[in-house]
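This report refers to the structure that appears directly beneath it.
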Amino acid sequence: MSPPTPDPSTAAGNVYDALLEHHDVVGDDSQWAFGTDFEDPLAGVDTTVPDAVDATDLATYCLMLGDDALVMSQRLSEWCSNAPDLEEDIALANVALDLLGQARLLLARAAAADPTVVPALPEGSPVPAEDALAFFRDAEQFRNVRLAEVPNGDFAHTVVRLLLFSTIRLAVFARLVESRDPVLAAIAAKGVKELTYHRDFAGRWFLILARGTEESRHRLLGGLDWLWPLYAEPLSTHPTEARAAAAGVGVDPAEVADEVDAVLEHLLAVSGVDRPGTAPLAGVQGRTGRSGLHTEALSRMLAEMQVVARAHPMGRW
């Protein structure tokens, strides 16, 4: 016997009613397509800036780490349904989600430390601070390193980029767990576990591609040569990073350079790959990604990533 067909004229039977509800938010005119709400990622957390720490420096430092994660996450998400097989498709999507989670927390921390970093939106906009930072800043306001923003290239290029990025970030986060800022310390503690997997995933594929077929090795070496000039920038110290480290809330990336080099040298050796000799990509008058100097690729990526949010600044996401 077939189950009774619900009467679409009743509230219980109309499957579209839930999509049209306003979720009991008084005066909420947002469209259902934009979702309902997200709780504050730092709700209940003491976000007081530690003593003797400059709030602007702390916020800018969080933007640097947050933008690295956000931009890298967006690039990795472009592999969804395009990876070589289903397992790697899911793996790259999970890495992207891990980094997106880190980005959300770090951008929220930046906004809590110094609300002036948040872009101005129309009065009454329900967009939370971390989303405003993600979707309503222009390219020159982003503080990510250029390694995170360049196009993916093929799978081998992505493996190389993820290896360099995660090895550096893991070394930084492993030290950041001792930050005087308890919020940053907690974010780092969670991130270390995620980044360990990211680095191991990339390292395993680096070895497979290097010792696989002639074609896989050729593509890997091409990716290494292409991305190596961007390797030095994340290990170079920006003045904000130096001040954050001196205040005990951040990490000077130059201090982890030897550790990162040792990890990469070991992997290169077991993979039978020589260290590239290409020179680092120079900045312009001392400015790099940390100072808002980016490649054209970032502007194009942001145009796609931000278009819907900018078209609907009053939307509830």
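The values are calculated or read from the model by the stated rules, or taken from the named source; none is laboratory data. Please read all numbers here as calculations on a predicted model, not as lab measurements. Virtual Cβ from ideal backbone geometry, glycine too; neighbours counted across all protein chains shown.
For every residue, the table says whether it meets (1) over 14 Å from VAL251 (Cα atoms); (2) aliphatic (A, V, I, L, M); (3) outside any helix (DSSP H, G or I).
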position: VAL172; (1), (2), (3): no, yes, no
position: GLU194; (1), (2), (3): yes, no, no
position: TYR197; (1), (2), (3): yes, no, no
position: LEU209; (1), (2), (3): yes, yes, no
Can VAL256 be described as within 30 Å of ILE208 (Cβ to Cβ) and within 22 Å of the chain's Cα centre (by Cα)? yes
Would you point out which residue out of ALA189, ALA174, ALA185, ALA132 is surrounded by fewer than 24 Cβ atoms within 10 Å (Cβ to Cβ), farther than 27 Å from ALA247 by Cα and small (Gly, Ala, Ser)? ALA132
List pairs: first in the range 277-292 and basic (Lys, Arg), second part of a loop (DSSP other than H, G, I, E, B), Cβ under 6 Å, 6+ apart or cross-chain? ARG287/LEU293; ARG290/ARG143; ARG290/HIS238
With closer than 23 Å to ARG109 by Cβ and without any contact (Cβ under 8 Å) to a residue 12 or more places away in the chain as the only criterion, which of ALA244, ALA189, ALA185 stands out? ALA185
Scan the range 108-115 and tell me whether some residue there is crowded, with 24+ Cβ neighbours inside 10 Å and within 10 Å of the chain's Cα centre (by Cα). no
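Taking the range 259-275 on its own, how many of its residues are in a loop (DSSP other than H, G, I, E, B) and free of Cβ contacts under 8 Å to residues at least 40 places away in the same chain?
2
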Scope the range 276-293; condition part of a loop (DSSP other than H, G, I, E, B) and among the hydroxyl-bearing types (Ser, Thr, Tyr); matching residues: THR278, THR288
Quick one: which of LEU97, LEU107, LEU70 is at pLDDT 95 or above, in contact with a Leu (Cβ under 6 Å, 6 or more places away or on another chain) and part of a helix (DSSP H, G or I)? LEU107
ALA120: part of a helix (DSSP H, G or I) and out of contact with any strand residue (DSSP E or B) (no Cβ under 6 Å at 6 or more places or on another chain), yes or no? no
Going through the range 238-258 in order, the residues found to be surrounded by fewer than 16 Cβ atoms within 10 Å (Cβ to Cβ) and either part of a helix (DSSP H, G or I) or not small (Gly, Ala, Ser) (or both) are PRO239, ALA242, ALA246, ALA254, GLU255, ASP258
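Filter the range 208-222 for residues that are touching a residue at least 60 places away in the same chain (Cβ under 8 Å) and either among the aromatic types (Phe, Trp, Tyr) or buried (at least 16 other Cβ atoms within 10 Å of the Cβ) (or both) and give the result. I'd like the intermediate steps shown before the answer.
So in the range 208-222, the residues touching a residue at least 60 places away in the same chain (Cβ under 8 Å) come out as 210-211, 216, 219-220, 222.
Selection gives ALA210, SER216, ARG219, LEU220.
Quick grid of which residues meet (1) among the aromatic types (Phe, Trp, Tyr); (2) more than 27 Å from ALA282 (Cα to Cα):
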| site | (1), (2) |
| --- | --- |
| LEU100 | no, yes |
| VAL127 | no, yes |
| GLU130 | no, yes |
| ARG137 | no, no |
| PHE142 | yes, no |
| ASP154 | no, no |
| LEU163 | no, no |
| LEU176 | no, yes |
So for the range 225-240 (the condition being touching a Leu at 6+ places or on another chain (Cβ under 9 Å), in contact (Cβ under 8 Å) with a residue 24 or more places away in the chain and among the aromatic types (Phe, Trp, Tyr)), does at least one residue qualify? yes
Can you list residue pairs whose Cβ atoms sit under 8 Å apart, with the first residue in the range 129-151 being under 22 Å from LEU227 (Cα atoms) and the second being of a type in the set (Phe, Trp, Tyr)? Count only pairs 6 or more apart in sequence or on different chains. LEU147/PHE165; LEU147/TYR231; ALA148/PHE165
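Only one of ASP89, ASP46, ASP85 is closer than 29 Å to THR167 by Cα, loosely packed, with under 13 Cβ neighbours inside 10 Å, of a type in the set (D, E, K, R) and at pLDDT below 95. Can you tell me which?
Only one candidate passes the filter, namely ASP85.
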